[in-house]
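Input: a single structure, listed below in structure tokens.
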Amino acid sequence: MLNFIIRRTLLIVPMLIGISLITFVIAHLAPGDPTSIRYGLNPEVSQSARAKLKEMYGLDKPIIVQFGLWLKRIAMLDFGNSFIDDRPVIHKIAERLPATLLLNIAALFVIYILAIPIGISSAVKANSKYDRVMTIILFAGYATPSFWFALLLIWFFGFNLGWFPISGMRPWYVEYFTFFESIKDLLWRLVLPVATTSLLSLANLSRYMRSSMLEVLRQDYIRTARAKGLSEYLVVYKHALKNALLPIVTIASMILPALLSGSFIIETIFGWPGMGRLGYESIMNYDYPTTMGVVIIATFLTLLGLLIADITYAIVDPRIRYE
Amino acid sequence: MSLLEVKDLKTYFFTDKGVQKAVDGVSFSIDPGETLGLVGESGSGKTVTALSILNLVDEPGKIVGGDILLEGKSLLPLKASDLTQIRGRDISVVFQEPLTALNPVLTIGNQITEQIMAHMKMSYRDAKERALLAMKEVRLKDSDRLFYDYPHRLSGGMRQRAMIAMALCLRPKLLIADEPTTALDVTIQAEILRLLVEIKERHNMSVLFITHDLGIIANIADKVCVMRSGKIVESAKVEDIFYNPKADYTKQLLEAVVKIPEDMRIA
């Protein structure tokens with residue numbers, strides 16, 4: 001087991017390099033560069049000044065050389081400075097990461113808390129009216145684009161009803177609040193972004209849970225459990241659920257990347273000061289070091305999530321032992 | 001009075017392609033301490049008959065007619081909660097596939113004790129004691145360690161022993177054995193059969209033994225019912241079936257058996 005964890009952790013390194021190479025190339029292939037956004041449209045800036053600027057940023061070298069230099073710095077955990085404000089990228093990300101983690105962990109929590117009971121109840125009452133209505137709602141949720149859903153939520157709950165704030169995480173007046181009030185305010189502000197973030201994966205996961213449960217309920221050992229005279233409660237929640245949850249653990253590894261990439265859009269819409277919005281802003285500004293920093297951190301978090309899912313799987317399923 | 005009486009049982013499957021009459025008017029009875037062999041080819045309705053007794057037939061199957069009496073009381077009108085009292089306590093089942101019939105994520109001990117605790121008011125400690133006793137009775141070696149083991153760590157024969165321990169730990173009046181040895185290899189088959197016969201004699205249990213293997217029937221049954229396409233074509237004492245078969249189908253079945261010289265037979 002320890003062997004497996006070490007091996008898997010080491011595997012993260014080549015995957016990080018591969019993913020960052022692809023991102024690096026795509027980011028640099030996009031038309032325009034940092035000099036064009038600030039000086040390209042200004043007739044008073046000469047071509048030679050732009051060339052000098054490019055040289056300063058190292059943008060005149062071939063892409064692969066630039067990538068090599070970048071990789072060399074990253075290897076020493078130096079993420080470089082932002083092109084926009086010259087602050088270290090690592091500081092910028094460190095400021096933003098907690099907000100993203102808060103949003104996504106809250107969403108993950110909501111997804112699992114809701115999806116598992118929905119999946120179980122739909123499977124136990126398969127093809128009933130409840131199951132059919134649930135199926136329609138979930139497919140609608142699955143098909144809804146999250147940016148559109150976010151705007152609907154903002155319009156209805158934020159604007160029409162005025163129940164929830166529509167933007168931001170920590171308003172300026174939060175420093176006048178007591179600790180308890182400030183937590184309450186934060187939770188209040190989490191509702192709409194978390195609802196948006198959860199929607200897609202919630203629909204996804206509860207369908208998985210339903211089919212996993214249906215599959216398990218057909219198994220021979222369920223019939224054995226019934227033949228033993230166990231109550232239906234024990235049959236469903238002890239014998240079936242434990243087996244049905246196994247695949248659901250690994251599906252977390254599919255949800256995590258979806259959540260993190262969703263953050264780019266959702267954080268921007270809700271003015272959430274997280275890493276996703278930082279990434280979005282850095283892309284719009286050709287701020288390569290920041291973009292790459294955000295991608296690296298997000299990739300690392302995703303790979304870490306996958307590793308945790310695999311380890312959890314070995315813990316919950318007695319048949320699986322990684323050698 | 002017979003222990004179990006099945007009268008004109010009809011279990012149909014209502015599928016999209018029409019009604020499948022899996023069991024169509026089956027009647028038999030089992031006396032206390034008696035072993036009834038239910039023989040027939042695959043798909044003849046043996047297993048559905050067994051599952052109907054405990055009302056375990058899955059959708060789209062349904063018991064549409066007849067009656068099932070345990071010690072004179074009908075099981076069909078029982079509420080689900082009353083039925084669970086009978087399942088596993090008065091009537092136990094050993095299924096065909098020991099590989100899939102045990103829950104892979106629960107320990108052997110857990111699966112035996114939960115059955116005891118579902119039917120008896122007992123502390124976990126007492127239930128565990130009783131489970132270990134049952135495991136010893138079916139001669140599971142090293143039962144203290146196996147108690148905490150998961151099914152995938154046991155061989156097929158050991159799993160079937162664990163299933164039998166589970167089925168017998170509450171001393172049921174009737175044991176339904178649905179092809180309990182079919183999935184095992186021949187030497188293990190003989191051991192498991194001997195074990196079943198031994199425990200049955202010791203506790204004077206009744207057994208409904210389902211199989212397609214006439215050799216096994218000859219060894220253990222008192223009475224035999226031959227099933228085909230959901231109906232019983234012949235039912236008689238075991239000697240009569242073998243030496244004086246009436247129905248053509250029974251004769252065909254007997255002719256299909258591979259003959260083994262007398263001195264090479266088991267048991």
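Assuming B:LEU36 fulfils every condition listed in (1) of a type in the set (A, V, I, L, M, F, W, C); (2) away from chain A (no Cβ under 14 Å); (3) in contact with a helix residue (DSSP H, G or I) (Cβ under 7 Å, 6 or more places away or on another chain); (4) crowded, with 21+ Cβ neighbours inside 10 Å apart from one, which condition is it?
Evaluating B:LEU36 over (1) of a type in the set (A, V, I, L, M, F, W, C); (2) away from chain A (no Cβ under 14 Å); (3) in contact with a helix residue (DSSP H, G or I) (Cβ under 7 Å, 6 or more places away or on another chain); (4) crowded, with 21+ Cβ neighbours inside 10 Å leaves (3) as the failure.
Just give me the residues in the range A:256-266 being open to solvent by less than 10 Å² (accessible area, probe 1.4 Å) and hydrophobic (A, V, I, L, M, F, W, C), in sequence order.
A:LEU259, A:ILE266
Which of (1) under 22 Å from the mean Cα position of the chain (by Cα); (2) closer than 14 Å to A:ILE269 by Cβ; (3) in a helix (DSSP H, G or I) does A:TYR208 not meet, given it meets every other one?
All conditions are met except number (2).
Among the numbered criteria (1) at pLDDT 85 or above; (2) out of contact with any Leu (no Cβ under 6 Å at 6 or more places or on another chain); (3) farther than 19 Å from B:ASP58 by Cα; (4) not β-branched (Val, Ile, Thr), which one does A:MET275 miss?
It fails just one condition, (2).
What is the number of the single condition among (1) part of a loop (DSSP other than H, G, I, E, B); (2) in contact with a helix residue (DSSP H, G or I) (Cβ under 6 Å, 6 or more places away or on another chain); (3) in contact (Cβ under 8 Å) with a residue 60 or more places away in the chain that B:PRO180 does not meet?
(2)
Would you pick out the residues in the range A:230-259 that are free of Cβ contacts under 8 Å to residues at least 60 places away in the same chain, facing chain B (nearest Cβ under 10 Å) and not charged (D, E, K, R)?
Within the range A:230-259, A:LEU230, A:SER231, A:LEU234, A:VAL235, A:HIS239, A:ALA240, A:ASN243 meet the criteria.
With respect to A:ARG218, is the statement that it is within 14 Å of chain B (Cβ to nearest Cβ) and among the basic types (Lys, Arg) true?
yes
Is it fair to say B:SER92 is hydroxyl-bearing (Ser, Thr, Tyr) and either without any contact (Cβ under 8 Å) to a residue 60 or more places away in the chain or surrounded by fewer than 20 Cβ atoms within 10 Å (Cβ to Cβ) (or both)?
Answer is no for this residue.
Exactly one of (1) modelled with pLDDT under 90; (2) open to solvent by 50 Å² or more (accessible area, probe 1.4 Å); (3) under 23 Å from B:SER27 (Cα atoms); (4) not polar (S, T, N, Q) is unmet by B:ALA236. Its number?
Only one criterion in (1) modelled with pLDDT under 90; (2) open to solvent by 50 Å² or more (accessible area, probe 1.4 Å); (3) under 23 Å from B:SER27 (Cα atoms); (4) not polar (S, T, N, Q) is unmet by B:ALA236, namely (2).
Collect the residues in the range B:13-27 that are in contact with a helix residue (DSSP H, G or I) (Cβ under 9 Å, 6 or more places away or on another chain) and closer than 14 Å to B:CYS225 by Cα, keeping them in residue-number order.
Passing the criteria: B:VAL23, B:VAL26.
Filter the range B:148-169 down to the residues that are within 14 Å of chain A (Cβ to nearest Cβ), surrounded by fewer than 20 Cβ atoms within 10 Å (Cβ to Cβ) and either under 16 Å from B:GLU114 (Cα atoms) or of a type in the set (S, T, N, Q) (or both) and list them by number.
B:TYR148, B:ASP149, B:TYR150
Looking at (1) in contact (Cβ under 8 Å) with a residue 24 or more places away in the chain; (2) touching a His at 6+ places or on another chain (Cβ under 9 Å); (3) surrounded by fewer than 18 Cβ atoms within 10 Å (Cβ to Cβ), find the lone condition where A:PRO318 falls short.
The one condition A:PRO318 does not meet is (1).
For the range B:95-134, enumerate the residues that are open to solvent by less than 60 Å² (accessible area, probe 1.4 Å), more than 14 Å from chain A (Cβ to nearest Cβ) and over 24 Å from B:LEU54 (Cβ atoms).
B:SER123, B:LYS128, B:LEU132, listed by residue number.
Under 6 Å by Cβ, and 6 or more places apart or on different chains, what pairs join a residue from the range A:181-202 that is in the same structural domain as A:ILE116 (by TED's automatic domain parsing) and open to solvent by less than 40 Å² (accessible area, probe 1.4 Å) with one that is in a helix (DSSP H, G or I) and among the hydroxyl-bearing types (Ser, Thr, Tyr)?
Note: pairs meeting the criteria are A:THR196/A:SER146.
Any idea which of A:ARG132, A:ARG170 is at pLDDT 90 or above and assigned by TED's automatic domain parsing to the domain that holds A:LEU260? I'd like the intermediate steps shown before the answer.
Numbers: A:ARG170 fails: at pLDDT 90 or above.
Within the list A:ARG132, A:ARG170, the selection yields A:ARG132.
If you take the residues of the range B:49-70 that are in a loop (DSSP other than H, G, I, E, B) and surrounded by fewer than 16 Cβ atoms within 10 Å (Cβ to Cβ), which of them is modelled with the lowest pLDDT? Steps first, answer last, please.
Quick first cut of the range B:49-70, residues in a loop (DSSP other than H, G, I, E, B) only: B:54-60.
Remaining after also requiring surrounded by fewer than 16 Cβ atoms within 10 Å (Cβ to Cβ): B:58-60.
Details: B:ASP58: 85, B:GLU59: 80, B:PRO60: 84.
Here the answer is B:GLU59.
Show the residue pairs meeting these rules: Cβ distance below 8 Å; 6+ apart or different chains; first residue within the range B:120-144 and touching a residue at least 12 places away in the same chain (Cβ under 8 Å); second residue of a type in the set (A, V, I, L, M) and open to solvent by 50 Å² or more (accessible area, probe 1.4 Å).
From the range B:120-144, the pairs are B:ALA127/B:MET117; B:ALA127/B:MET120; B:ARG130/B:MET122; B:LEU140/B:MET158.
For the range A:133-144, state whether one or more residues are more than 23 Å from the chain's Cα centre (by Cα), assigned to a helix (DSSP H, G or I) and farther than 30 Å from A:MET209 by Cα.
No, the range A:133-144 has no match at all.
Across the range A:262-312, what is the number of residues that are in contact with a strand residue (DSSP E or B) (Cβ under 8 Å, 6 or more places away or on another chain) and β-branched (Val, Ile, Thr)?
0
Got a sec? Which of B:GLY25, B:GLY37 is farther than 22 Å from B:ASP222 by Cβ and not in a loop (DSSP other than H, G, I, E, B)?
B:GLY25
What residue, among those in the range B:71-89 that are facing chain A (nearest Cβ under 8 Å) and of a type in the set (Gly, Ala, Ser), is least open to solvent (accessible area, probe 1.4 Å)?
B:GLY88
The values are calculated or read from the model by the stated rules, or taken from the named source; none is laboratory data. The structure displayed is predicted, hence computed values, not measured ones. Cβ: placed from backbone, ideal geometry, glycine included. Neighbour counts: every protein chain shown. When the accessible area is computed, the model is the full protein with side chains, heavy atoms only, and any ligands, DNA or RNA have been set aside. Shrake-Rupley method; radii C 1.70, N 1.55, O 1.52, S 1.80 Å.
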